[in-house]
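Trainee: Encoded as structure tokens, here's the structure I'll be asking about.
The values are calculated or read from the model by the stated rules, or taken from the named source; none is laboratory data. Computed from a predicted structure; not experimentally measured. Cβ sites come from the backbone with ideal geometry, for glycine too, and all protein chains shown count toward neighbours. The area values use the complete protein model at the heavy-atom level, side chains included, leaving out ligands, DNA and RNA. Shrake-Rupley method; radii C 1.70, N 1.55, O 1.52, S 1.80 Å.
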Amino acid sequence: GKREFAKKEVHLKTVLEVADSICQEAGVPFELVKQIGQNESGWRYIKNSNGGTDHGDLQVIDVTYWHYYKKLELTSGKTRRNYLKVAIYYLKDLHTKYGSWEKARFAYGRGTWRGPSTWTTLEKKFMSKIDFSQFDNKAKK
């Protein structure tokens with residue numbers, strides 16, 4: 001058991017390192033991506049339970065995936081790395097669109113931004129896990 005756990009840890013570290021390097025290249029805060037992965041999948045590469053496609057660590061839907069796959073000129077189909085790249089660049093575009101990481105994060109999970117007064121309990125929960133001031137205030141300087 002212990003050896004297997006260690007192997008999993010190493011694997012996770014590699015995935016996070018890959019995510020970190022893509023974040024640096026895209027100009028997206030790694031801590032934010034790390035939290036989204038934690039929330040969406042616990043960083044376990046998800047295969048759809050009903051035998052459908054997997055959506056990667058950051059749970060990217062197919063229509064978004066293939067749009068960015070073309071846009072970023074990716075190859076090799078659905079790989080874990082490609083999923084990370086798509087998700088991170090999608091987040092970057094949402095940030096460009098909305099002007100804040102908080103809005104980008106919400107839109108990432110829900111398709112569009114809506115004001116906090118409209119949030120469901122679940123939405124409040126996943127949004128409260130991140131202190132957005134650490135990302136959004138930096139950008140303004």
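Trainee: H55 fails exactly one of the following numbered conditions: (1) more than 17 Å from the chain's Cα centre (by Cα); (2) part of a loop (DSSP other than H, G, I, E, B). What is the number of that condition?
Mentor: With (1) more than 17 Å from the chain's Cα centre (by Cα); (2) part of a loop (DSSP other than H, G, I, E, B) applied to H55, the lone miss is (1).
Trainee: Hey, can you tell me all the residues within segment 112-130 that are surrounded by 11 or more Cβ atoms within 10 Å (Cβ to Cβ) and either assigned to a loop (DSSP other than H, G, I, E, B) or hydrophobic (A, V, I, L, M, F, W, C) (or both)?
Mentor: W113, R114, W119, F126, M127, K129, I130
Trainee: Is it the case, given these coordinates, that I88 is surrounded by 16 or more Cβ atoms within 10 Å (Cβ to Cβ), among the β-branched types (V, I, T) and at pLDDT 95 or above?
Mentor: Considered against the rule, which asks whether it is surrounded by 16 or more Cβ atoms within 10 Å (Cβ to Cβ), among the β-branched types (V, I, T) and at pLDDT 95 or above, I88 comes out as yes.
Trainee: Could you tell me which numbered condition T75 fails, if it satisfies all but one of (1) surrounded by fewer than 20 Cβ atoms within 10 Å (Cβ to Cβ); (2) assigned to a helix (DSSP H, G or I)?
Mentor: (2)
Trainee: While we're on this one: From Y98, Y69, Y83, Y65, which residue is open to solvent by 10 Å² or more (accessible area, probe 1.4 Å) and closer than 28 Å to W119 by Cα?
Mentor: Checking each option against the conditions leaves just Y98.
Trainee: Sticking with this structure for a sec: Check segment 134-141 and report whether any residue there is of a type outside the set (A, V, I, L, M, F, W, C) and touching a helix residue (DSSP H, G or I) at 6+ places or on another chain (Cβ under 7 Å).
Mentor: yes
Trainee: Here are some residues: Y83, Y108, Y65, Y90. Which one is in contact (Cβ under 8 Å) with a residue 60 or more places away in the chain and at negative phi?
Mentor: Exactly one residue qualifies, and that residue is Y108.
Trainee: Output yes when any residue across segment 25-46 is touching a Cys at 6+ places or on another chain (Cβ under 8 Å), outside any helix (DSSP H, G or I) and either β-branched (V, I, T) or at pLDDT 85 or above (or both), and no when none is.
Mentor: Yes, the conditions are met somewhere in segment 25-46.
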